[in-house]
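**Q** Please see the structure below; I have some questions.
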Ligand code: HPA
């Protein structure tokens with residue numbers, strides 16, 4: 001709690017407004033933060049207790065300002081468990097954004113498509129997740145000031161936000177999928193056998209992020225919207241190897257639709 005407050009105060013010193021929507025921008029999707037007006041930019045390394053982002057395609061800064069008339073705070077680059085950060089470190093920024101005043105959070109990622117009806121470049125609204133990381137960011141003593149000991153996860157992806165996002169997609173003429181996101185630790189991509197297993201278990205997309213941040217968002221009482229950019233078909237579906245370059249390439253291709261979509265969601269988000 002002390003660390004959260006110290007990080008929060010150091011950020012607040014630089015702000016004149018209070019953000020109400022948090023954005024976590026995944027691989028290749030950080031460009032959205034460049035659209036924020038009157039931005040205050042703070043490098044993670046300049047925020048007390050913040051870890052530093054290492055993966056390529058991620059920038060490592062907070063961008064705070066106005067987007068589509070709403071006060072937002074965006075993480076341009078996130079922390080991954082596979083980088084060696086603890087679950088507490090991975091989710092620390094969510095705690096800080098909550099302390100800064102956000103009430104909603106939009107979490108985005110690049111993910112592999114498990115569902116064979118999906119195509120690379122599709123956008124998927126996350127309806128639910130499977131925590132396949134073998135750990136949980138809430139393990140350890142529970143601070144009741146942050147949330148309850150046994151948080152409900154049955155509606156962690158807000159159904160009214162999913163409906164809202166579907167309406168936005170419809171209005172923009174963008175097709176969106178819906179489905180279950182499986183969070184794996186990475187950093188390996190999955191084997192074809194693992195993908196068959198995850199499909200049997202009910203997964204539609206797989207990635208190496210999001211689940212920890214969403215668990216903590218749920219614990220903190222934030223309303224969550226999750227969006228995956230299906231950057232590739234998961235292992236074994238197509239006869240080709242998976243590469244990070246392909247992931248970045250596809251997310252860059254859908255960038256315009258992604259930007260239009262999230263901006264419209266934010267513009268029309270009831271508050
Ligand atoms: N698997 C895991 N994580 C990913 C993938 C994938 O196929 N694509 C993008 N992130």
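The values are calculated or read from the model by the stated rules, or taken from the named source; none is laboratory data. In this text, all values refer to a predicted model and were calculated from it rather than measured experimentally. In this analysis, Cβ positions are derived from the backbone assuming ideal geometry, glycine residues included, and neighbour counts consider all displayed protein chains.
**Q** Quick test for you: out of 147, 173, pick the one residue that is farther than 30 Å from residue 257 by Cα and more than 16 Å from the ligand (Cβ to nearest atom).
**A** Checking each option against the conditions leaves just 147.
**Q** If you don't mind, there's one more thing I want to ask. Taking the condition of being over 21 Å from the mean Cα position of the chain (by Cα) and either closer than 12 Å to residue 27 by Cβ or within 8 Å of the ligand (Cβ to nearest atom) (or both), how many residues in segment 230-255 meet it?
**A** Final tally of qualifying residues: 2.
**Q** So which residues in segment 62-93 are in a helix (DSSP H, G or I) and either under 19 Å from residue 261 (Cβ atoms) or out of contact with any strand residue (DSSP E or B) (no Cβ under 7 Å at 6 or more places or on another chain) (or both), if there are any at all?
**A** 81, 82, 83, 87, 88, 89, 90, 91, 92
**Q** Taking residue 202 as meeting all but one of (1) within 20 Å of residue 179 (Cα to Cα); (2) more than 13 Å from the ligand (Cβ to nearest atom); (3) more than 19 Å from the chain's Cα centre (by Cα); (4) not in a loop (DSSP other than H, G, I, E, B), write down the number of the exception.
**A** For residue 202, the exception is condition (4).
One line per residue, one yes/no per condition, for (1) farther than 26 Å from residue 178 by Cα; (2) over 14 Å from the mean Cα position of the chain (by Cα):
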position: 30; (1), (2): no, no
position: 69; (1), (2): yes, yes
position: 80; (1), (2): no, no
position: 91; (1), (2): no, no
position: 103; (1), (2): no, yes
position: 108; (1), (2): no, no
position: 115; (1), (2): no, yes
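**Q** Check off (1) away from the ligand (no atom under 11 Å from the Cβ); (2) in a helix (DSSP H, G or I); (3) at pLDDT 95 or above for residue 227 and give me the number that stays unchecked.
**A** So residue 227 meets the others, but not (2).
**Q** Okay, moving on. Please give the number of the condition residue 124 fails out of (1) outside any strand (DSSP E or B); (2) surrounded by 12 or more Cβ atoms within 10 Å (Cβ to Cβ); (3) touching a residue at least 24 places away in the same chain (Cβ under 8 Å).
**A** Evaluating residue 124 over (1) outside any strand (DSSP E or B); (2) surrounded by 12 or more Cβ atoms within 10 Å (Cβ to Cβ); (3) touching a residue at least 24 places away in the same chain (Cβ under 8 Å) leaves (1) as the failure.
**Q** Could you identify the single residue in 59, 45, 12 that is more than 25 Å from residue 221 (Cα to Cα) and touching a residue at least 24 places away in the same chain (Cβ under 8 Å)?
**A** So the residue among 59, 45, 12 that is more than 25 Å from residue 221 (Cα to Cα) and touching a residue at least 24 places away in the same chain (Cβ under 8 Å) is 59.
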